[in-house]
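Before any comments, here is the structure.
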Amino acid sequence: MSFTADRLLLFGATGDLAQRMLLPSLCALHADNLIAPELRIIGTARSDFDDDGYRNFAREALTRFLPDFRKGAIESFLPRLSYQVLDATQAGSFITLSDEIGTIDKGMAIFLSTAPSLFEPTIAGLTQAGLTGERVRIGLEKPLGTCLESSREINDAVASAFPEDRIFRIDHYLGKETVQNLLALRFANIMFEPLWNAAHIDHVQITIAETVGLESRAGYYDGAGALRDMVQNHLLQLLCIMAMEPPASGDPDAVRDEKLKVLRSLRPIRGADVTSKTVRGQYKSGAANGAPVPGYLEETDIPGTSTTETFVAIKAEIDSWRWAGVPFYLRTGKRLQERLTELVVTFDEVPHSVFEAPPPSEAANQLVIQLQPEESITLTILAKSPGEAMRLKPVNLNLDLGETFKVKVLDAYERLLMDIVKGNLTLFMRRDELDAAWRWIDPIREGWAEFEERPKLYTAGSWGPAASSALLGRDGFAWHEEQ
């Protein structure tokens, strides 16, 4: 059923995500007139606020996290907000919440950003209070489980109240403009499709690097680690978009069908393979942004014996006709040298060079899609260097999205929140995708445990353990920044 919600209910409305991302994104959408004037936003959490108290709380968060050029919209945005104290473990709280929300005849969207342990009682409370009807859809913020079994428990609870076409599982990387431009790059330009296969591509790298440490997430992160926190969702979703077949149409399920095929084609990494195809790391003390920072085991609320990984590198292989023999190297970590998310496609060399001078040692043709800190697409080609001799030199063709289109690019959460309100499922994970991702991830964790694969230490401010470079070096490759 197609409808645009005129109520948005935020669970966890006083949490870190709400302050840093959700409220600023909603205020930006308000400033750009991208949400209807009648959309009402109801926040709920355990914090003891009334409406005015929550608006003051939101004002402080927006003043801190909203860009300066947006701050003029804060006061006109705040009247959209109201608040209801709620304890998800108390069924009676949801009746009071229902009274606060009022009629939802025109439709309501729910954004659930709470501890996973509260998912089941929250869904039960919403159901009891009549807040799960056919004109209600729900957005789920990760983590959605810690393994396939726990993920299924959460999804079973949600599915008891909401059909799949009204469940929006969020991976905020899919909301980034450049990720969607990758779809356009692949499927709207005939020049790339003939080359997008094992016959012409040497290897692919996908990196999500962070300079920050734990910030305020120690309790969650030490129980999750980089594999669950980043690889299971963000990195695998980026891999799917890089490797998927052209969908039959732009329909959400057509796109998600093709992503699912990629996940199901990933070669399992089991048993002893984890020692040769994966690298675990954990940062020790070093420097970030020119200042000393503690090691992971010295962080507040982290046990001194923790073996949680803060870095993962994986050699992934896809058993399909298109990708057989092409390694996909995945890498993510905290306290790395740069904040960077990029996808690097290295093409094969020409089969025969007609030039006497040897080609440069750098990769001749590369496509680099950068998602952060800037959103850009760069294609490296070989050109003749000026002078008499025929000497070739790599040159870059650059597309800076912001500079090219001269418009503000929507933040990932801005787009995803707008899509939940309007009901566009394209950028959200389907349940069978989530199951397939966990099926691939769980054997890696089990292999680490079986072979007692402890994290290798790396200095904060570096690019991770030396074993990460060796992972590619054994195949004759190097990470992009090492080339």
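The values are calculated or read from the model by the stated rules, or taken from the named source; none is laboratory data. Please read these numbers as outputs of a predicted model, since none were measured by experiment. So basically every Cβ, Gly included, is an ideal-geometry build from the backbone, and we count neighbours across all protein chains shown. Note: areas computed on protein heavy atoms with side chains; ligands, DNA, RNA excluded. Shrake-Rupley method; radii C 1.70, N 1.55, O 1.52, S 1.80 Å.
A few points about this structure:
- A search for C-beta distances below 8 Å between a residue of segment 456-475 that is of a type in the set (Lys, Arg) and any residue that is modelled with pLDDT of 95 or more, counting only pairs 6+ apart in sequence or on different chains, returns Lys456/Val279; Lys456/Arg280; Lys456/Gly281; Lys456/Gln282; Lys456/Pro465; Lys456/Ala466; Lys456/Ala467.
For every residue, the table says whether it meets (1) over 26 Å from Gln90 (Cα atoms); (2) among the hydrophobic types (A, V, I, L, M, F, W, C); (3) surrounded by 15 or more Cβ atoms within 10 Å (Cβ to Cβ).
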site: Phe3; (1), (2), (3): yes, yes, yes
site: Asp6; (1), (2), (3): yes, no, yes
site: Ala18; (1), (2), (3): no, yes, yes
site: Leu22; (1), (2), (3): no, yes, yes
site: Ile35; (1), (2), (3): yes, yes, yes
site: Asp50; (1), (2), (3): no, no, no
site: Asn56; (1), (2), (3): yes, no, no
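- Restricted to segment 72-152, the set of strands (runs of 3 or more DSSP E) holding at least 2 residues that are open to solvent by 30 Å² or more (accessible area, probe 1.4 Å) comprises 81-85.
- Selection status of Ser320, in contact with a strand residue (DSSP E or B) (Cβ under 8 Å, 6 or more places away or on another chain) and open to solvent by 20 Å² or more (accessible area, probe 1.4 Å): no
- Selection within segment 45-87 - of a type in the set (Lys, Arg) and closer than 14 Å to Gln19 by Cα: Arg55, Arg59, Arg64
- Filter result (open to solvent by 50 Å² or more (accessible area, probe 1.4 Å), in a strand (DSSP E or B) and more than 16 Å from Gly333 (Cβ to Cβ)) within segment 283-303: Pro292
- Within segment 260-271, the set of residues being open to solvent by 60 Å² or more (accessible area, probe 1.4 Å) and outside any helix (DSSP H, G or I) comprises Arg267, Arg270.
- Taking the criterion of being in contact with a helix residue (DSSP H, G or I) (Cβ under 9 Å, 6 or more places away or on another chain) and of a type outside the set (A, V, I, L, M), the residues of segment 99-121 that qualify are Gly107, Phe111, Ser113, Thr114, Pro116, Phe119, Glu120, Pro121.
- Against the numbered list (1) open to solvent by less than 10 Å² (accessible area, probe 1.4 Å); (2) more than 19 Å from Leu417 (Cβ to Cβ); (3) assigned to a loop (DSSP other than H, G, I, E, B), Phe162 comes up short only at (2).
- Filtering segment 137-163 to residues that are more than 20 Å from the chain's Cα centre (by Cα) and under 16 Å from Thr127 (Cα atoms) leaves Arg137, Asp156, Ala157, Val158, Ala159, Ser160, Ala161, Phe162, Pro163.
- Taking each residue of segment 46-57 that is in contact (Cβ under 8 Å) with a residue 40 or more places away in the chain and looking for partners that are among the aromatic types (Phe, Trp, Tyr) with beta-carbon atoms closer than 8 Å, six or more apart or interchain, yields Tyr54/Tyr83; Phe57/Phe49.
- Residue check, Asn181 at pLDDT 90 or above and surrounded by 15 or more Cβ atoms within 10 Å (Cβ to Cβ): no
- Segment 1-17, residues that are modelled with pLDDT under 90, touching a Gly at 6+ places or on another chain (Cβ under 9 Å) and more than 16 Å from Leu39 (Cα to Cα): Met1, Ser2
- The helices (runs of 4 or more DSSP H) located wholly in segment 366-483 that include 1 or more residues which are in contact with a Cys (Cβ under 8 Å, 6 or more places away or on another chain) and crowded, with 17+ Cβ neighbours inside 10 Å occupy 431-450.
- Screening Lys315 against (1) among the basic types (Lys, Arg); (2) under 30 Å from Ala184 (Cα atoms); (3) open to solvent by less than 20 Å² (accessible area, probe 1.4 Å) leaves a single unmet condition, (3).
- Counting the residues of segment 198-236 that are farther than 23 Å from Trp463 by Cβ and either surrounded by 21 or more Cβ atoms within 10 Å (Cβ to Cβ) or hydrophobic (A, V, I, L, M, F, W, C) (or both) gives 4.
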